[in-house]
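Written below as structure tokens is the structure these notes are about.
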Amino acid sequence: MFRVLPFPRFGAVFAQARLVTAGVAILSLWPPREGPMLLVALDGRDGGRLVGPALDAGATLNGRGPMANMVLVTGARARLVPLISSGVIALSAPRGLCGPGAPA
């Protein structure tokens with residue numbers, strides 16, 4: 001017996017909706033050219049080790065992020081994005097998720 005999938009005609013619509021949702025999520029976290037950013041240690045270790053490389057990249061420290069492996073900074077994306085080679089990713093710091101930041 002063959003099993004008929006529900007809504008076979010809408011598979012392409014569902015796939016396109018997933019792509020649009022992923023695109024919106026990526027664009028909402030894309031770091032600004034210059035301004036507040038969230039540095040995240042991809043290995044999950046303490047965010048305190050991010051302070052030195054961030055300051056070396058010309059960023060200003062704003063505080064701790066919402067999790068232990070995050071640091072809030074203000075700086076230029078062009079100088080912070082190369083930190084990815086050391087396992088650090090720069091994201092947009094949405095005020096709703098990050099708040100004002102805890103004192104460093």
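Among the numbered conditions (1) loosely packed, with under 11 Cβ neighbours inside 10 Å; (2) modelled with pLDDT under 90, the only one that Val20 does not meet is (2).
Taking segment 18-59 as the range and being in contact with a Lys or Arg (Cβ under 8 Å, 6 or more places away or on another chain), more than 13 Å from Leu80 (Cβ to Cβ) and either charged (D, E, K, R) or outside any helix (DSSP H, G or I) (or both) as the test, only Ala41 passes. Taken over segment 64-88, the criterion of being in contact with a strand residue (DSSP E or B) (Cβ under 8 Å, 6 or more places away or on another chain), more than 18 Å from Leu42 (Cα to Cα) and either surrounded by fewer than 21 Cβ atoms within 10 Å (Cβ to Cβ) or basic (Lys, Arg) (or both) is satisfied by Thr74, Ala76.
The values are calculated or read from the model by the stated rules, or taken from the named source; none is laboratory data. On a predicted model such as this, the values are computed, not experimentally measured, just so you know. Reconstructed Cβ throughout: ideal geometry from the backbone, glycine too, with neighbour counts over all protein chains shown.
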